């Protein structure tokens, strides 16, 4: 039995490099959600991961490198999800926009710890150019796609709307709903947030989106 336990512990210590890095990034996400960005340290991440600080230093060399890799991880994850969703949506602009919106409220994307990470890094973008660059890269590609889709729908439906303002409003709404879910999870669920956005879309683009029955109005 002792040899079996030692063997398991040995396997835990010798994970492949990429799996170990992912494990440490996930521990960093949990630490940021619990302690905030400034109070997240190599020690807090080590406790979350159940590993020694030496292993973290081996893979990331410094706290700043670990934080940058964590931000890069969530940025890349988000981009990968919406790009895949867009490809699966087909050729209809309505379906593509719906797919883009739905990604914002996937369980893996708007999980509470990750929401806390987004807001933690966003709050530091003014004083941290590297954070600002990574976050703006995420916003730039997404926003461009959102603007293009809104412009197509405005044209298709001949709606008397400014497509750029609509797209900016949808992006701002998603971030606002993320904040609601982070601060008041009992009041705002993923499902309710998604219904809120699609209800707004139905008001803007009635020929493309059907009205949504709110759970609140049904009570």
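A short reminder: the numbers here are calculations on the coordinates, not readings from a lab. What you are looking at is a predicted structure, and each value in this text was computed from that prediction instead of being measured. Cβ coordinates were reconstructed from backbone atoms using ideal geometry, including for glycine residues, and neighbour counts include every protein chain displayed.
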Extended-chain gain in nm, criterion 0.36 nm per residue less alpha-carbon gap, residue 59 and residue 106
13.9 nm
At 4 °C and a viscosity of 1.567 mPa s, what translational diffusion coefficient does Stokes-Einstein give for the stretch 17-126, taking Rh as the Kirkwood radius over Cα pairs? Give it in µm²/s as a whole number.
86 µm²/s
Based on the alpha carbons, how large is the Rg to Rh ratio for the stretch 166-216 when Rh follows Kirkwood?
0.99
Measure of size requested: the Rg and Dmax of the stretch 80-141, with Cα atoms as the atom set and Å as the unit; please supply both.
13.8, 41
On the formula 1/(1 + (r/R0)^6), with r taken between the Cβ atoms of residue 18 and residue 152 and R0 of 41 Å, the FRET efficiency rounded to 0.05 is 0.60
Rg to Rh for the chain: what is it, with Cα atoms only and Rh by Kirkwood?
1.06
Most mobile listed residue (78, 159, 142) in the chain, GNM with C-alpha springs under 10 Å:
159
What whole number of Å gives the distance from the Cα centroid of the stretch 17-41 to the Cα centroid of the stretch 122-193?
25 Å
Among 139, 39, 104, determine the one that fluctuates most according to a GNM of the chain built with springs between C-alpha atoms less than 10 Å apart.
39
Here the gain from full extension of residue 125 to residue 69, 0.36 nm per residue of separation minus their alpha-carbon distance, amounts to 18.6 nm
